[in-house]
Structures are given as structure tokens and as C-alpha cells.
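As C-alpha cells, the structure follows; a few thoughts come after it.
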């Protein structure tokens, strides 16, 4: 089945630094990938839609200068949290749509900003 | 528009049945169901496309009523492994570009 690899799975960083999260579709090509954020005991909130070769589309209220998205190839999208602050601590999950099984999610990245 | 899920939480004994509902105020193209265990990413269960579709595998099935803009997930003879939070995700457009918007989730706890 379709596999989406996401890493790192956990990262702890100091306030003010930047963190890059990678999302790869391993056995299929994904022209579109999606980035979600999930706070404890809450739902997944769509942050942005990442389009291969073009600019990402951000949801209302998501700062595009803070959450940089790059989708340089059909199998890789990256999310960079710039100048991270403790309130950015969350569970970040990417997903991609394959042709059979709907949306496949990565394993998620738990970001802790100290 | 975020779909509305009900109930918010349900506690079952092993072997009991449960129904989780998902409704939208807007017309839907598809409904997706996922289960998420604590600390893990969501796992795909099934997708239903418009047209009165019903699907199921093992003892988990779902229906999609396009006219009522709602979907229901049916868990039959629940097992301990069914515990987790169930999310429905709705898509208003077709194609690979459609955004999936998730409901707030239904926490299911299955007790021995």
C-alpha cells in the first residue's frame, strides 16, 4: 500500500531556532501534499496545501512566513517552522493522496520548543 | 466548514456496537474515516464517494447519505483494538487537489 514517510518523529528545539520537517511519498508520486497540526486532544487542523512546483496554499490564520513549505519534487514536501516559539509546540502531520486509498498520513512529528 | 461529529465520546464493553455520525452543512464529494491511537498518526479506514455508497470490511462499515450530507460509521461487536479517536474527513471537491477537513473526533473506549 501507499506509504508516506515523515521525519523526524520527535524534535526538541530552542526558542528562536528553525526546524525542518520532511514528508516523502515512498511508492507513489504526490503532486499535492497536505500539512496538518494537531494540539493535544484536538482534531487535525489543515495548515496548508503543498503543490509540487508552485507556492503552497495556506489556510486562514496560518502565517506563511512562519511556516515555510517547499514541494520541490513529486515525492518530497518540507515544512520549516521558522523562529519557533513554545506556542508552536504541537504534533505536525503530513498527508498525500494516493490513487487507491484516499489520503495516506505520515507518522507525524512531535515538536517541542523550549 | 468543519464537519460535525457525534457523539464526542462513547464507552463500550467488548462485543457491543457503536455508531458514529458525521454531518456537514455543505454538499460533499466524499467522506473519509480514520482512526487515531494516542500519539500516533491517523490510519485510513475507508472512503465513501457520493452516490449513496456503503462500504465495510471486517466488522466496521460506513454509509454516506449524499442528500442528507452525512455519513455514519458502524462498529459491530467491538474489540479492544477498536479503541481510539475516530475522525471523519470531508472533501467538497473531487480530484487530487481537494482539501480534507476533519471533524473534532469521537473518542471510543472499549472495555473488557
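Computed from the coordinates by the stated procedures, all read-outs in this text should not be read as laboratory data. These figures come from a predicted structure and were not determined experimentally. Cβ: placed from backbone, ideal geometry, glycine included. Neighbour counts: every protein chain shown.
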Practice task
Return the whole-Å distance between the Cα centroid of the range A:37-114 and the Cα centroid of the range A:5-20.
Solution key: 12
Problem - Geometric extent, Cα atoms of the protein assembly as shown - Rg, Dmax (angstrom) - result: 17.5, 51
Completion exercise
Cα-based Rg and Dmax for the range A:61-106, in Å, come out at 12.9, 38
Fill in the blank from the handout: Given B:85-91, B:55-61, A:50-56, A:76-82, the highest-first ranking by average Cβ count within 10 Å works out to B:85-91, A:76-82, A:50-56, B:55-61
Practice task
Run the quick spin-label model on residue A:85 and residue B:29: label points 7 Å from Cα toward the beta carbon, then report their separation in nm to one decimal.
Solution key: 3.6
Exercise for the section: Evaluate the distance, in nm, between pseudo-label points positioned 7 Å from the Cα of residue A:68 and of residue B:59 along their respective Cα→Cβ axes. Expected result: 5.1
Practice task
Quick one: work out the % antiparallel among DSSP beta bridges in chain A, nearest 5.
Solution key: 90
Exercise for the section: Could you tell me which of rounded, prolate or oblate describes chain B, using a ≥ b ≥ c as the square roots of the eigenvalues of the alpha-carbon gyration tensor, with rounded for a/c under 1.5 and, failing that, prolate when a/b is larger than b/c and oblate otherwise? Expected result: prolate
Handout entry: Viscosity 0.890 mPa s, 25 °C: Kirkwood-radius Stokes-Einstein D of chain A over Cα pairs, µm²/s
Key = 176
Problem - Rounded FRET efficiency, nearest 0.05, which uses the C-beta distance separating residue B:99 from residue A:5 and R0 of 25 Å - result: 0.70
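Over all residues in B:36-48, what is the mean tally of Cβ atoms on other chains that come within 10 Å of each residue's Cβ? Could you put the intermediate results ahead of the total?
Values: counts 6, 0, 2, 3, 5, 16, 9, 2, 9, 1, 2, 4, 1.
Mean shielding by partner chains, rounded to a whole number: 5.
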Exercise for the section: Could you calculate the FRET efficiency of residue B:68 with residue A:20 from 1/(1 + (r/R0)^6), where r is the beta carbon distance between them and R0 is 45 Å, rounded to 0.05? Expected result: 0.55
Fill in the blank from the handout: Each residue of B:77-89 has, on average, a number of other protein chain C-beta atoms within 10 Å of its C-beta equal to 1
Practice task
Provide a whole-number value for the mean count of partner chain Cβ atoms within 10 Å of the Cβ atoms in peptide B:106-112.
Solution key: 0
